[in-house]
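Take a look at the structure below.
Every number in this text was worked out from the coordinates using simple rules, so none of it is lab data. Predicted model, so just to flag it, every value in this text is computed and none were measured. Backbone-built Cβ (ideal geometry, glycine too); neighbour counts: all protein chains shown.
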Amino acid sequence: MATGWAGDGAVQDQIDATVSDAVQRARQQLRQGPGLSHCEECDAVIPPARREAVPGVRLCVACQQVHDEEQRGAGLYNRRGSKDSQLR
């Protein structure tokens, strides 16, 4: 059932587009190849187990946590602006 000017399935199309964008953004952030032996931010040693578990690792755990927190707030946006609180 369409409401207002929206066509049938418009809400689902919007949800699909948002999910697709998030998957694409996540795939772009994946690193490939060998990881670093030392963190590129603080120069701490990255343990061999972490380098093995995370291909292309460039940050130690502490720096990665800080980076993830910064990314969490910066990457979220909502195509339906006024409905933002309903989507969280």
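With the charge dipole of segment 35-77 set up from +1 on Lys and Arg Cβ and -1 on Asp and Glu Cβ about the Cα centre, the Cα lying farthest toward the positive end among the listed residues Ala49, Cys60, Ser37 is that of Ala49.
Highest mean packing first, where packing is the average number of other Cβ atoms within 10 Å per residue, the peptides 18-29, 52-63, 33-44 line up as 52-63, 33-44, 18-29.
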